[in-house]
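Report on the following structure.
The values are calculated or read from the model by the stated rules, or taken from the named source; none is laboratory data. Please read all numbers here as calculations on a predicted model, not as lab measurements. All Cβ positions, glycine included, derive from the backbone under ideal geometry; neighbour counts span all protein chains shown.
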Amino acid sequence: MEKRENKHQEVSAGMKVCRAVGIALVLAAIAYVIWGGDFDEKGIVGYVDDFMVFMAAFTFAHGSFQKPERRYIRRQLYMFSSLFALLGLCWIILLALIK
């Protein structure tokens, strides 16, 4: 039997910073969801911005905790995070203008 060598890459200092930022963003998103002062309407319309903000933070944090070898997956998760952040920002602006 052949022995497989585990060639794990070290986590860079930049990734450690991204991990800390990801955790902080998830905690801030949870605080935003709990906070009652946002533009929540009655029904499902008011919860869309909460979902978008949380998913942006969660996908960023999930991408930050990927193994260093998984660059392609990390880039996709960061792209989803950017998309959720943009959609959430647009939705918050829309709710602010409607009120």
Inset, instruction - Output the qualifying pairs, or none if there are none: Cβ atoms under 7 angstrom, residues six or more apart or on different chains, first residue in segment 77-99 and in a helix (DSSP H, G or I) and among the hydrophobic types (A, V, I, L, M, F, W, C), second residue surrounded by fewer than 14 Cβ atoms within 10 Å (Cβ to Cβ) and modelled with pLDDT under 90. - result: 95/41
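Matching residues to (1) closer than 19 Å to residue 31 by Cα; (2) modelled with pLDDT under 90; (3) over 11 Å from the mean Cα position of the chain (by Cα); (4) of a type in the set (Phe, Trp, Tyr):
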| site | (1), (2), (3), (4) |
| --- | --- |
| 64 | no, no, no, no |
| 72 | no, no, yes, yes |
| 75 | no, no, yes, no |
| 83 | no, no, no, no |
| 90 | no, no, yes, no |
| 94 | no, yes, yes, no |
| 99 | no, yes, yes, no |
Legend entry - Matching option when the condition is aromatic (Phe, Trp, Tyr) and at pLDDT 80 or above, among 39, 60: 60
